[in-house]
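Visitor: Quick one: structure below, then a few questions.
Each reported figure results from applying straightforward, stated rules to the coordinates on display, with no laboratory input. All values reported here derive from a predicted model rather than from experimental measurement. Note that each Cβ is placed from the backbone with ideal geometry, even for glycine, and that neighbours are counted across all protein chains shown.
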Amino acid sequence: MHAERLLKLAQHLETGKLGHDRFDFNYYNAKFNCGTAGCAIGECPTVFPDDWILSGADLPIYREARYDCGLHGTVCESGMAFFEISRLVYEHLFIPLGQRAGQFGGETLTRSATKEQVAANIRAFVAKAVADAT
């Protein structure tokens, strides 16, 4: 697990200027008439501009990830590779209703979760993972 990267993303969600007009846990990166919306993974090109890009399909992609799962799979693979986490942890941190709070800490998050709630889940996961490792 890349705790420093996860915590940097959490801090950005809590205090940083979003790369999107609004946070929306349901979209990686979406354009609407009113601007753009994006989730935590959708913020990675803003937080980590040397490592993440937006693909031709406007999806956030880690430059070093392998792409074996199709277009939307690349976003998941990107997050898994960049943060060095499993698919279950990726789902727990970044997918609405994908949480396993008993296993990874935090709480269940719906599509309407706020950026602060997502950041809190990231912090809870890192704290639990560090505590479990000691």
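Visitor: With θ set to phi - 60°, apply the Karplus curve 6.51 cos²θ - 1.76 cosθ + 1.60 along the range 89-102 and write out the HN-Hα couplings as whole Hz, x wherever there is a Gly or Pro.
Guide: For the range 89-102, the Karplus curve yields 5, 4, 4, 4, 7, 10, 10, x, 6, x, 6, 10, 4, x Hz.
Visitor: Counting Lys and Arg as +1 and Asp and Glu as -1, what is the net charge of the other residues whose Cβ lies under 13 Å from the Cβ of residue 108?
Guide: That works out to 0.
Visitor: In addition: Let's test the formula: R0 of 30 Å, r as the Cβ-Cβ distance of residue 50 and residue 111. What FRET efficiency results, to the nearest 0.05?
Guide: It comes out at approximately 0.50.
Visitor: Oh, and also: Summing Lys, Arg as +1 and Asp, Glu as -1, what charge do residues with Cβ under 13 Å from the Cβ of residue 47 carry, residue 47 excluded?
Guide: Once positives and negatives cancel, what remains is -1.
Visitor: Let me ask another. Could you compute the net charge surrounding residue 9? Neighbours are other residues with a C-beta less than 11 Å from the C-beta of residue 9; K and R count +1, D and E count -1.
Guide: Neighbour charge sum, excluding residue 9 itself: +1.
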